[in-house]
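Read-outs: derived from the displayed coordinates by stated rules, not from any lab. This is a predicted model, so every value here is computed, not measured. With ideal geometry, Cβ positions are generated from the backbone for all residues, glycine too; neighbour counts draw on all protein chains shown.
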């Protein structure tokens, strides 16, 4: 029953808000929070309902047009990854956005902290080896969207 409640809650979050409200709600303080919140919504909804909701609301286009680029490319990487994992048709409506990426890799904060503490880039190198290709296309280093509590 809890999974059903989580599904309904997550679906209501996406359906009841406009794009700006949704992004503000998901990004409560920073990009790390955004990623965590999005992964929780994905876990609660499941791949196909999540994809449909994000694409229907056109959150990616909204983020791109409003220069909310970390969130834009994270969601784009996620939908591309979910499409590949599930053999869903690839959505070409964002091809104009796909031609760009960040100049420098965007690592999770924890990886940057480890590099700072140990004064080397071993953590970055290891994380890059595990990176999901669809995120890495935009220079976002993400290795696991499923590992949420």
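Relative to the longest principal axis of the Cα atoms of the chain, helix 2-16 runs at roughly 80 degrees. Each Cα pair of the stretch 1-121 feeds into the Kirkwood radius, which the Stokes-Einstein equation turns, at 20 °C and 1.002 mPa s, into a diffusion coefficient of 138 µm²/s.
Of 97, 140, 38, the sequence from fewest to most neighbouring Cβ atoms within 10 angstrom is 97, 38, 140. Estimated from the Cβ-Cβ distance and a Förster radius of 25 angstrom, the FRET efficiency linking residue 102 and residue 21 is about 0.45.
Over all alpha-carbon pairs in the stretch 55-100, figure out the percentage whose distance exceeds 15 Å. Percentage above 15 Å: 38. Axis of helix 47-57 versus longest Cα principal axis of the chain: the two differ by about 80°, to the nearest ten degrees.
Taking other C-beta atoms within 10 Å as the exposure proxy, 130, 57, 103 rank 103, 130, 57 from fewest upward. Working from label points 7 Å from Cα in the Cα-to-Cβ sense, the residue 121 to residue 66 distance is 3.5 nm. For the chain, averaging the sequence separation of C-alpha pairs within contact (under 8 Å, six or more residues apart) and dividing by the residue count gives a relative contact order of 22 percent. The stretch between residue 6 and residue 87 holds 26.6 nm of extra length on full extension. This uses 0.36 nm per residue minus the Cα-Cα distance. Our analysis of the stretch 106-149 gives Rg over Rh at 0.99, with the two radii drawn from alpha carbon positions and Rh computed by the Kirkwood formula.
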